[in-house]
Amino acid sequence: MARMIPSEVYGPSTPPGEITVFESLRDDPETKDWVVLHSLDIVHHRSQISGEIDFVVIIPSKGVLIVEVKSHSFIDRRDGLWFMGRGDRSGSPRGPFKQVSSAMHSLQNTVVRRMPGLKSVPFATCVIFTNCEFKQESTEWHDWEIIDSAKLTRPIGVLLLGVIENWRAKFASASSGGWFNRDAANPIPEQVDVLTDFLRPSFEVYESPKSQANRRAEDLKRYTESQYRAIDSMSLNRRVIFQGPAGTGKTMLAIEAARRAAANGRRVLFICFNNLLGEWLRKETEPLAPLIETTTLHKYLLKVAAVQDVPASPRPKFWNEELPAKALEALVERGGEEGGYDELVIDEAQDILRPNYLDILDLTVKDGLKRGRWRIFGDFEKQSIYKSDVSLTLEEVTDSRLPGAIVFSLRENCRNRPRVAEMVHLLGGLTPGYSQILRPDDGQQPKIKYYSSLSQQLEILTTELADLYRDGFDPGDIVILSPKGASECAAGKVSTSPWKERLRPISSASEKQIRYSSIHAFKGLEAGAIIVTDIEDIIDASDLFYVAVTRTLHRLILLISDHAKQDVITTLLGQSTS
């Protein structure tokens, strides 16, 4: 796989064809040892004040390809003019072949002028039409320097090697090709490094922290919204269970399902299990109130049962048995929810689908659960970290309580990067793994730091926080998670300034402070950078570890006790720990 510079496609305005080519070059095993630079500005363009190259592809032992990409689904050339897209009425005499040839010569002249020793390195051109077939012939171009949509069914590495080999044959046969030695394997590795170092500053410019944050948000939004096709494909079905592991976009799909129902005038009850997630969902859907009522299951039960005073330290029995019984009694007495909800949307369903809870929900939605409208989202593979013995499995739900329900499987991870997803599979015990990781690799390896004492763990923690600050993460982007509670976790014991003042429990933190929380409490949420502390066991606590690791969007740092080091190493090597 090629070394990509920059490592990601920057900006929401990047043409879709360039994104396709970028990802193909990045992921093709045939491009190993290649260097690919994207969107080069040519200051000393020979016929313009400046110009831009879509891709510079440096292929060791073969040459340098200047690649022009056209994303249009319709391209026509007539009367000497190029028409790009059906909306192009005026056309242009400057087509893609002249454009890429001119850019190539400008770049080659600049390189040779600065580094005469690279004169023997062949520079050549290629035009890629990603969304249409291009069959026109002309003396202005060679058919073998064209890659159209029909050819793109083959690996891009093979295609580009074919282009450069044809150029090398042409250079060898040309009367003016005395400069070219076909037996010379240029560029050699040293020349590749020199070329890369020379061109790299034009590609990698400083990006402000704010710009980084905006780009990360746009990147995440693009891949999350691609999951909306799951809702689209199920739009004609009244009752659907969306099942998938963490990171597959279930919560965002649940929000979208609720919004679409409200947009169609339906009154929606949108519930989840976790308090922090419930508050976040409420804020997200607030503009659509009162059509959408967003709450947690327990808050909804308190409202239905008209319970004003919750016990100071309620036992689990209160939430699991006594309160549901009161709520069910109240609903039965008044013949169900007043007016009834037109649609029910449930997130974190694996923690909610219990017989007594389902009895209540059956009375809240019009026509009941068997005939009404609902969308249920849950992770039934890694069932509940709340250790409920009475939550129903997916099979039990579909067999007994919701017979005939359609189950849609979500297997594409749209939240995590590939290296994090691999750690979820290995250390979090996710089997089978994700079918696809939608977000590209950003080169950031999850960090694992080992500690032998509390003081060493605190020192590592503050060092990693300082590094995240330097990398442009705002305090509100960083969350520290622990299997322990707020008073017992590492973050709660930091006593050195300025970090002591910057750290706050998630329940009381402002947007300008770093939040810390138990893994349980943060379930269903996500953050730009996640630090997991106090990891003393990864074997018996794999479910907690699975939840913690999948919370991150961009950076993951794990602080693990030396006592668990051997288990981590053994697991990462894919060996049995038994």
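Being more than 27 Å from the chain's Cα centre (by Cα), among the acidic types (Asp, Glu) and over 21 Å from Gly528 (Cα atoms) is the requirement here; does Glu488 meet it? Considered against the rule, which asks whether it is more than 27 Å from the chain's Cα centre (by Cα), among the acidic types (Asp, Glu) and over 21 Å from Gly528 (Cα atoms), Glu488 comes out as yes. No other residue among Gly433, Gly443, Gly372 is small (Gly, Ala, Ser) and in contact with a His (Cβ under 9 Å, 6 or more places away or on another chain) apart from Gly433.
The set of residues from the range 119-137 being closer than 22 Å to Arg168 by Cβ and of a type in the set (S, T, N, Q) comprises Ser120, Thr125. The single residue among Ile460, Ile448 that is in contact with a Lys or Arg (Cβ under 7 Å, 6 or more places away or on another chain) and crowded, with 17+ Cβ neighbours inside 10 Å turns out to be Ile460. Scanning for something surrounded by fewer than 14 Cβ atoms within 10 Å (Cβ to Cβ) and either assigned to a strand (DSSP E or B) or in the same structural domain as Pro16 (by TED's automatic domain parsing) (or both), does the range 62-73 turn up at least one residue? Taking every residue of the range 62-73 in turn, at least one turns out to be surrounded by fewer than 14 Cβ atoms within 10 Å (Cβ to Cβ) and either assigned to a strand (DSSP E or B) or in the same structural domain as Pro16 (by TED's automatic domain parsing) (or both).
Can Ile292 be described as within 20 Å of Gln227 (Cα to Cα) and assigned by TED's automatic domain parsing to the domain that holds Ala349? Spelling it out, it is not the case that Ile292 is within 20 Å of Gln227 (Cα to Cα) and assigned by TED's automatic domain parsing to the domain that holds Ala349. For the range 109-133, residues that are in contact (Cβ under 8 Å) with a residue 40 or more places away in the chain and closer than 22 Å to Ile146 by Cα total 12. Would the range 305-314 turn up any residue that is closer than 25 Å to Ala258 by Cα, of a type in the set (Asp, Glu) and either surrounded by fewer than 20 Cβ atoms within 10 Å (Cβ to Cβ) or not assigned by TED's automatic domain parsing to the domain that holds Ile255 (or both)? No, every residue in the range 305-314 fails to be closer than 25 Å to Ala258 by Cα, of a type in the set (Asp, Glu) and either surrounded by fewer than 20 Cβ atoms within 10 Å (Cβ to Cβ) or not assigned by TED's automatic domain parsing to the domain that holds Ile255 (or both).
Residues checked against (1) surrounded by fewer than 20 Cβ atoms within 10 Å (Cβ to Cβ); (2) of a type in the set (Gly, Ala, Ser); (3) touching a residue at least 60 places away in the same chain (Cβ under 8 Å):
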{"site": "Arg470", "(1), (2), (3)": "yes, no, no"}
{"site": "Phe473", "(1), (2), (3)": "no, no, yes"}
{"site": "Ser497", "(1), (2), (3)": "yes, yes, no"}
{"site": "Tyr516", "(1), (2), (3)": "no, no, no"}
{"site": "Lys523", "(1), (2), (3)": "no, no, yes"}
{"site": "Leu556", "(1), (2), (3)": "no, no, yes"}
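Residue selection: Val121 satisfies the criterion of being β-branched (Val, Ile, Thr) and either assigned to a loop (DSSP other than H, G, I, E, B) or over 28 Å from Leu199 (Cβ atoms) (or both). Taking the range 146-167 as the range and being under 22 Å from Lys98 (Cβ atoms) and either in contact (Cβ under 8 Å) with a residue 40 or more places away in the chain or more than 39 Å from the chain's Cα centre (by Cα) (or both) as the test, the residues that pass are Leu160, Val163, Ile164, Trp167.
Of the residues in the range 407-423, at least one is assigned by TED's automatic domain parsing to the domain that holds Arg238, within 19 Å of Thr224 (Cβ to Cβ) and of a type in the set (Ser, Thr, Tyr).
If I filter the range 336-346 for residues that are over 13 Å from Tyr300 (Cα atoms), of a type in the set (Gly, Ala, Ser) and buried (at least 23 other Cβ atoms within 10 Å of the Cβ), do I get at least one hit? Scanning the range 336-346, I find no residue that is over 13 Å from Tyr300 (Cα atoms), of a type in the set (Gly, Ala, Ser) and buried (at least 23 other Cβ atoms within 10 Å of the Cβ), so the answer is no. How about the range 498-536: which of its residues are over 24 Å from the mean Cα position of the chain (by Cα) and within 23 Å of Ser455 (Cβ to Cβ)? Pro498, Trp499, Lys500, Glu501, Arg502, Leu503, Arg504, Pro505, Asp534, Ile535, Glu536, listed by residue number.
Give the range 405-427 a look and list any residue that's more than 13 Å from Leu556 (Cα to Cα) and either of a type in the set (A, V, I, L, M) or without any contact (Cβ under 8 Å) to a residue 40 or more places away in the chain (or both), or say none. Of everything in the range 405-427, those that are more than 13 Å from Leu556 (Cα to Cα) and either of a type in the set (A, V, I, L, M) or without any contact (Cβ under 8 Å) to a residue 40 or more places away in the chain (or both) turn out to be Ala405, Ile406, Val407, Leu410, His425, Leu426, Leu427. Listed by first and then second residue, the pairs with beta-carbon distance under 9 Å, at least 6 apart or on different chains, first residue in the range 358-375 and crowded, with 17+ Cβ neighbours inside 10 Å, second in a helix (DSSP H, G or I) and among the aromatic types (Phe, Trp, Tyr), are Ile360/Tyr300; Thr364/Tyr300.
Selection of the range 313-334 for residues being outside any helix (DSSP H, G or I) and more than 41 Å from the chain's Cα centre (by Cα) yields only Arg334. Residue count for the range 3-27 under the criterion of being among the small types (Gly, Ala, Ser) and either modelled with pLDDT of 90 or more or outside any loop (DSSP other than H, G, I, E, B) (or both): the result is 2. Can we say Arg375 is charged (D, E, K, R), out of contact with any strand residue (DSSP E or B) (no Cβ under 6 Å at 6 or more places or on another chain) and assigned by TED's automatic domain parsing to the domain that holds Glu329? In short, no. Note on the range 28-48: among residues that are more than 23 Å from Val194 (Cβ to Cβ) and modelled with pLDDT of 90 or more, the one that is surrounded by the most Cβ atoms within 10 Å (Cβ to Cβ) is Asp28. Within the range 127-151, the residues that satisfy the criterion of being more than 15 Å from Gly85 (Cα to Cα), surrounded by fewer than 19 Cβ atoms within 10 Å (Cβ to Cβ) and not β-branched (Val, Ile, Thr) are Lys135, Gln136, Glu137, Ser138, Glu140, His142, Asp143, Trp144, Asp148, Ser149, Ala150, Lys151.
The values are calculated or read from the model by the stated rules, or taken from the named source; none is laboratory data. For clarity, every value in this text was computed on a predicted model and none was experimentally measured. Cβ coordinates were reconstructed from backbone atoms using ideal geometry, including for glycine residues, and neighbour counts include every protein chain displayed.
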